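Any read-out appearing in this document is the output of simple, stated calculations on the displayed coordinates, not a laboratory observation. None of these values were measured; they are calculated from a predicted model. Using ideal geometry, Cβ is built from the backbone for each residue, glycine included, and neighbour counts are taken over all protein chains shown.
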Amino acid sequence: MVTAVAQRLAAQRREINDTLALLSLSPENLQQVRDKMRVELERGLRRDSHRTASVKMLPSFVYRIPDGTERGKYLALDLGGTNFRVLVVKIRSGIRKSVRMYNKIYAIPLEIMQGTGEELFDHIVQCISDFLDYMGMKNTRLPLGFTFSFPCRQTGIDKGSLVSWTKGFKATDCEGNDVVEMLREAIKRRNEFDLDIVAVVNDTVGTMMTCAYEDPKCEIGLIAGTGSNVCYMEEMRNIEMVEGDEGQMCVNTEWGGFGENDCIEDIRTRFDREVDEGSLNNGKQRFEKMTSGMYLGEIVRQILIDLTRRGLLFRGHITEPLKTRGIFETNDRLALLQVRSILQQLGLDSTCDDSIIVKEVCGTVSRRAAQLCGAGMAAIVDKIRENRGLNQMNITVGVDGTLYKLHPHFSRILKDTVKALAPQCDVEFVLSEDGSGKGAALITAVIDKYLYAMRFSDETLMDIMKRFRRELGNGLGRDTNPTATVKMLPTFVRSIPDGSEKGDFIALDLGGSAFRILRVKVSHEKKQTVQMESQIYDTPEDIIHGSGTRLFDHVAECLGDFMEKQNIKDKKLSVGFTFSFPCAQTKLNESYLLTWTKRFKASGVEGMDVVTLLNKAIKKRGVDIMAVVNDTVGTMMTCGFDDQRCEVGIIIGTGTNACYMEELRHIDLVEGDEGRMCINTEWGAFGDNGMLEDIRTEFDREIDRGSLNPGKQLFEKMVSGMYMGELVRLILVKMAKEGFLFEGRITPELLTKGKFETKHVSSIEKNKEGLAKAKDILGRLGVEPSADDCVAVQHVCTIVSHRSANLLAATLGGILSRLKDNKGNPRLRTTVGIDGSLYKMHPYARRLHKTVRRLVPESDVRFLLSESGSSKGAAMVTAVAYRLADQRRQITETLAEFRLTSDQLLEVKKRMRTEIQNGLGKKTHDSATIKMWPTYVLSTPDGSGERSSTWIEISFPDCDSTS
Ligand code: G6P
Ligand code: G6P
Ligand code: BGC
Ligand code: BGC
């Protein structure tokens, strides 16, 4: 009897062992897995076999691991593992190098995972919105790194189309589409906030980056979690799907697909096939289904059903729970020590033996998973070792995933297998503590390294606005003006045109991108009309950098030429001089150049009155320089002609500057308190006292060093058209040097100053044709950009011009808020007149307007583009000056009759004397006109009398006591 029972048990045992033996892998099996994996890796990398390879070897466009110099604040999304997370990651570099993260986990309900793509992405954006609210960051447009843990075919770091859903996801209309685009569109649909999506990253890549930040030897990322996958740094020359041979790129192997071409059918069991058939993606991800957390429980369940069916378990009862898919969750399966109680909780009535068997089954399944991962990993480390031609290699693998973290033996078995199968590699496994979201943020930071400092939150812009307002105050104050950088120069223009101006004037317009001479005729028939004729003259470099005398001679010559062509050589015309440089004016036609800016640097002019210099050059050409105006003032006047509310003028062109109408009582440097006067702020010098050092970048410093006026006009150099193309060029050179662009190739043209022009920035920024333009422009610089290079260059252009618009919005915001306070109204209604080549470029104006409205919400600002340059305005100022001068002349003429010559006075004296004589003479007295009556007062007082008696006292009420 006993023997019979023992025999039955032994037979059962054998059956169970035989079943489990199906899942146990011999060392030879594992070597074969390693070798086949190696074959598939190679096939995935090669162009001719890529299409049919089961391991896709997807390029990630991550070229390097972080080097610790990254910094900034980033947003990250982490989708595809057990949890969906939104994070903000703050990275610091230098001695305070650190990474701080705040995150929130959000649920993704099953009906959304398997609903429509639009629903899924709307849900994601809804979670981001909640997170931004929670963090109080709705208005900070942060760069975002997107960890998306599914196979994506990337064509750039921020472009990836989903190859196929894996694990538990199956949303419709996503496969084949760009996930970054889908996210962008969902953000647009919500229309509530804006984000820069900089990178899309697989979780393996994120994990590798997270670990590499601490350990630069980490060049492999492994996920053993819900899904299973590996990435590693591959030599570019081996990645045939991407152009270029230099350096390395991280490849996302997507090894989960290994075996899709039947190459591991010999080790797949009927249980694996069962699991596959019951999955959302039948036939796919066969290796993943043998190795990852999402499926191990299912394999266990299939084996238990099989054993039960054969009467080897649970007394042969297949209960409902056992039939339920997914009943063995990852964690349940992992905590096997409490197998029995777990089985009981699941409603599986088990004996003690049952528990032992279940435990064995679980052990076998997870052991096989760890060994398979180990064999795969051995193939990878050996490949890297061979790539480098090393006999022996040390390398680190960054690992993440619930299976690896929670299973008691998984990591040990994995390591042992790698050791046995890749003896020439010394492999260390490091657990990623912070998930792959941190890695995604780090990748974003690596890309954003040169750009992060160019993005500003609204808080920062507000702060800059405040600083600028302080500078405005300093420039106006008597005591603070001498050391102020924003000079707040009085212009002696007291009002905008009132419509009564008229006359025939000449305007000179010097200092912008073109030197122009104009004739401006303002007439008054019913309505005021302005006629203008103009001609542009060259200002060759040798003249604007030569002697001042030559420069003004050149201006005079051009003027002579113009007058001749206009046939007005002999006319005496008034001239308005738009001189677009900082000048200290003492009156309208006396203007001392403080310093040259932009491209000008003629000697002997700084500190001189430009009217005197010009008059000297013009000699006697019969013209009269009535007014010198800054281009901002001219622009304000031009726009004021059409809109009486215009009280600010700004230039965003070669240079940048603003003027506005300030209350005279606040202008300490000009006498008088009544009314207003236009102040030329000269805001280009903002920051010359070090006040903007925190926001200047290495590129701004480089621009300044190479400029004609180092240390000066620091704000202008960050924002104006003269410098913008150059800023972009410097960034591109730096990025190319670091291997982020043009495969590291740098051409002599790219290294030449001025080769990248500001107008290129705006044409590249254009949505549709921008990328083609980038290709064209870069092509002319001798670089052959890839599609991704073009996208990256477009990104750089956008960031640099965005920064300019943002900073100028902050300074303009400073002026507007001051105007509002001056007026004391709760809302400001005003018009800003604008001119300048940069402002007129592609998306610039819209950005500026938007930010100004956000920074000064209590205002209704109209932006009016000056259509006719600042010269029309200069003519208006001249007209007013001319009218005032004319009035003075007429008054003088009227009073002329009252003026007496000395002869006339002597004659009067003579006649008066005769008349006095006549009045005194007895004979002549009667006919005298001056009668000379006696008064009988015989003497004047001699000082001996008592004063008080002769004075009448007059008393006034006490002035000091107020009643
Ligand atoms: C990390 C990442 C996730 C990733 C996960 C894998 O934590 O942040 O994006 O998918 O590891 O683990 P799991 O076990 O959750 O699938
Ligand atoms: C207007 C004025 C110029 C001024 C220019 C700024 O057209 O007439 O005097 O300097 O704008 O623009 P720019 O882009 O030429 O520097
Ligand atoms: C996906 C991979 C991912 C892995 C781990 C797999 O299903 O295909 O992209 O890295 O899961 O999350
Ligand atoms: C000058 C300003 C001028 C501005 C715009 C600056 O460089 O200093 O006076 O208004 O350029 O042309």
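General remarks:
- On full extension, the segment bounded by LYS572 and ASP262 gains 101.9 nm, given 0.36 nm per residue less the C-alpha separation.
- D_trans [Stokes-Einstein, Kirkwood Rh over alpha-carbon pairs] for the stretch 741-783, 37 °C, 0.692 mPa s, µm² s⁻¹: 304
- Rg over Rh [alpha-carbon atoms, Kirkwood Rh] for the stretch 740-813: 1.03
- Cα-Cα P(r), the stretch 59-217, percent of pairs per 5 Å interval: 2, 9, 17, 23, 20, 15, 9, 3, 1, 0
- Each label point was placed 7 Å from the Cα along the Cα-to-Cβ direction; for ALA885 and ALA21 their separation is 11.5 nm.
- Spin-label model, ALA772/TRP933: points 7 Å from Cα along the beta carbon direction are separated by 10.6 nm.
- Computed P(r) (all Cα pairs; the stretch 188-264; 10 Å bins; percent): 16, 34, 31, 16, 3
- Estimated FRET transfer efficiency (ARG46, ASP194; beta-carbon r; R0 41 Å; 0.05): 0.50
- For the stretch 279-325, the normalised intensity computed at q = 0.19, 0.23, 0.32 Å⁻¹ comes to -0.65, -0.81, -1.10 (log10 of I(q)/I(0), Debye sum over alpha carbons, equal scatterers, no solvent).
- Taking other Cβ atoms within 10 Å as a rough exposure proxy, VAL832, VAL179 sort from fewest to most as VAL179, VAL832.
- Annotation: average projected area of the stretch 340-490 is 18.8 square nanometres, based on the convex hull of Cα atoms across all directions.
- Two-decimal ratio, the stretch 628-749, of alpha-carbon radius of gyration to 2.2 N^0.38 Å: 1.42
- Kirkwood Rh (inverse of mean 1/r, distinct Cα pairs), the stretch 582-684, angstrom: 15.1
- Set against the 2.2 N^0.38 Å expectation for a compact globular protein, the chain has a Cα radius of gyration ratio of 1.42.
- Bridge type composition, the chain - antiparallel percent by DSSP, nearest 5: 60
- Stokes-Einstein translational diffusion, the stretch 540-611 - Kirkwood Rh over all Cα pairs, 1.306 mPa s, 10 °C, in µm²/s: 118
- Full-stretch length increase - GLN345, SER523 - with 0.36 nm per residue and alpha-carbon distance subtracted: 54.3 nm
- Degrees separating the helix 458-476 axis from the principal Cα axis of the chain, which is the longest one: 20
- With distances taken between every two different alpha-carbon atoms, the stretch 399-488 has a Kirkwood hydrodynamic radius of 18.9 Å.
- For the chain, the relative contact order is 10 percent, taking Cα pairs closer than 8 Å that sit 6 or more residues apart in sequence and dividing their mean separation by the residue count.
- Subtracting the Cα-Cα distance of GLU240 and GLU671 from their residue separation scaled by 0.36 nm leaves 147.5 nm.
- Normalised by the number of residues in the stretch 799-900, the mean separation of alpha-carbon contacts (under 8 Å, six or more apart) gives a relative contact order of 31 percent.
- The long axis of helix 721-737 is offset from the longest Cα principal axis of the chain by roughly 20 degrees.
- Loop-resident sites, the stretch 196-275, for GluC sites (Glu not before Pro), counting at most 16 other Cβ within 10 Å (DSSP): GLU240, GLU243, GLU246, GLU265
- Scattering curve values for the stretch 51-150, log₁₀ I(q)/I(0), Debye with Cα scatterers, q = 0.17, 0.19, 0.24 Å⁻¹: -0.93, -1.05, -1.29
- Computed about the Cα centre, the dipole magnitude for the chain is approximately 1020 debye when only Lys and Arg (+1) and Asp and Glu (-1) carry charge, each at its Cβ.
- Both radii come from the Cα set of the stretch 1-92: Rg as radius of gyration, Rh as Kirkwood radius; their ratio Rg/Rh reads 1.30.
- Charge tally around ALA658: other residues with Cβ under 15 Å, Lys/Arg +1 each, Asp/Glu -1 each, net -4.
- Per-residue Cβ neighbour rank within 10 angstrom, fewest leading, PHE429, PHE328, PHE562: PHE429, PHE562, PHE328
- Taking other C-beta atoms within 10 Å as the exposure proxy, PHE131, PHE271 rank PHE131, PHE271 from fewest upward.
- Structural size metrics of the stretch 889-942, computed from C-alpha coordinates, are Rg and Dmax of 17.9, 54 Å.
- Helix axis angle, 548-566 relative to the chain longest principal axis, alpha carbon, degrees: 80
- Kirkwood-Stokes translational diffusion coefficient of the stretch 400-446, alpha-carbon pairs, 10 °C, 1.306 mPa s, µm²/s: 127
- The stretch 59-217, relative contact order [Cα under 8 Å, separation at least 6], %: 27
- Working note: Cα gyration tensor of the stretch 219-305, eigenvalues times five, square-rooted, sorted largest first, giving semi-axes of 31, 13, 9 Å.
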